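Trainee: Here's a structure for you.
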Amino acid sequence: MYNTTIASWDSNAALTQTNQTSLMTLFLIRVNFSLGELPAGLQSPDFPQSLGDIEICITNLRSFPDDIDMKWPRFGSIYIEASQLHEVPASLVRLAPFDLSLSMNPISVLPPQLFEEESVAYLSFGGTLITQLPENVTKLSSSLGDLNLSYNNLSFLWSWIDPIIDHEPNTPLSLAGTPYCRDLERIFTGEQTNFLSIPPLSQNNAEMSIFADASVGNWATLKKSVSCAEQDRTWYPIDFEDQYSSIRIVDG
């Protein structure tokens, strides 16, 4: 669905495993939901279990059902981008997505469980209101290999994130447009010798993160692990969608 207002989508017209046995993807782009809520038609107890790719982008969605994890399939791809979520719904965390983007929502706090689920491989929280990652992540998921934190006010990283260096041969961290990247670029050019913000040591983080080490000997690791290059603001290709789906007036 593109450029649509959903005034009503009742349960009697819901997507179901019974009627949509082979449905694999659902895209809701530039959609206005009634009351900013997910309609009943997307909350059937018989929700299609083949629907493992749900992408919602540029909407007024501001709340998420508490029991959606009992209906939607787990371990899928879920994008809820450029919407109005102010917090990460607990039910979304319990869905344990393989691929999750909540970019461009006014979210300021991320639950540690998002980073601990062994099912997760890709996470994006670009353009949100976060100023730091959760401090108390017990053990970083060994499958997490791509974490986008661009266009936030992040200036430091906790030491629990350090193992991500070994998870992915390509650059695992995207931090474009952050205070951290501004510091990093100035360090590489010799304009400063240290990061301006250092995470406080605590009982849970007794060691300083390798991402806080500005010494020349650590530059190779930082260059391998952190990208400060410009990023798309959403993982959903919204510019392409707008071009492809927009109304075209053809001269007669």
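The values are calculated or read from the model by the stated rules, or taken from the named source; none is laboratory data. The model shown is predicted, which means the values in this text are computed figures rather than measured ones. Neighbour counts are summed over all protein chains in view; Cβ atoms, including those assigned to glycine, are modelled from backbone coordinates with ideal geometry.
Trainee: Within the range 147-156, take every residue that is more than 16 Å from Q113 (Cα to Cα) and within 17 Å of the chain's Cα centre (by Cα) and give me the one that is surrounded by the most Cβ atoms within 10 Å (Cβ to Cβ).
Mentor: L149
Trainee: Here's another thing I want to ask about it. Which is at pLDDT below 95 and under 20 Å from D232 (Cβ atoms), of N170, N152, N148?
Mentor: N170
Trainee: Confirm whether N19 is in a helix (DSSP H, G or I), of a type outside the set (D, E) and more than 24 Å from G127 (Cβ to Cβ).
Mentor: no
Trainee: Within the range 136-146, identify whether any single residue is buried (at least 20 other Cβ atoms within 10 Å of the Cβ) and within 26 Å of L42 (Cα to Cα), and answer yes or no.
Mentor: For the range 136-146, residues buried (at least 20 other Cβ atoms within 10 Å of the Cβ) and within 26 Å of L42 (Cα to Cα): absent.
Trainee: Which condition number in (1) buried (at least 18 other Cβ atoms within 10 Å of the Cβ); (2) in contact with a helix residue (DSSP H, G or I) (Cβ under 6 Å, 6 or more places away or on another chain) is the one that S174 fails?
Mentor: (2)
Trainee: Among (1) surrounded by fewer than 18 Cβ atoms within 10 Å (Cβ to Cβ); (2) of a type outside the set (G, A, S); (3) part of a strand (DSSP E or B); (4) under 16 Å from the mean Cα position of the chain (by Cα), which single condition is F27 missing?
Mentor: (4)
Trainee: Name the residue that is surrounded by the fewest Cβ atoms within 10 Å (Cβ to Cβ), counting only residues in the range 56-83 that are among the hydrophobic types (A, V, I, L, M, F, W, C) and either within 14 Å of the chain's Cα centre (by Cα) or not in a loop (DSSP other than H, G, I, E, B) (or both). Give the steps one after another, and end with the answer.
Mentor: Going through the range 56-83, the residues among the hydrophobic types (A, V, I, L, M, F, W, C) turn out to be 56-58, 61, 64, 68, 70, 72, 75, 78, 80, 82.
Narrowing further to those that are either within 14 Å of the chain's Cα centre (by Cα) or not in a loop (DSSP other than H, G, I, E, B) (or both): 56-58, 68, 70, 78, 80, 82.
Details: I56: 23, C57: 25, I58: 21, I68: 19, M70: 13, I78: 20, I80: 26, A82: 21.
Once the filter is applied, the top-ranked residue is M70.
Trainee: Follow-up. Take the range 162-171 and flag every residue that is among the charged types (D, E, K, R) and crowded, with 16+ Cβ neighbours inside 10 Å.
Mentor: Within the range 162-171, D162, E168 qualify.
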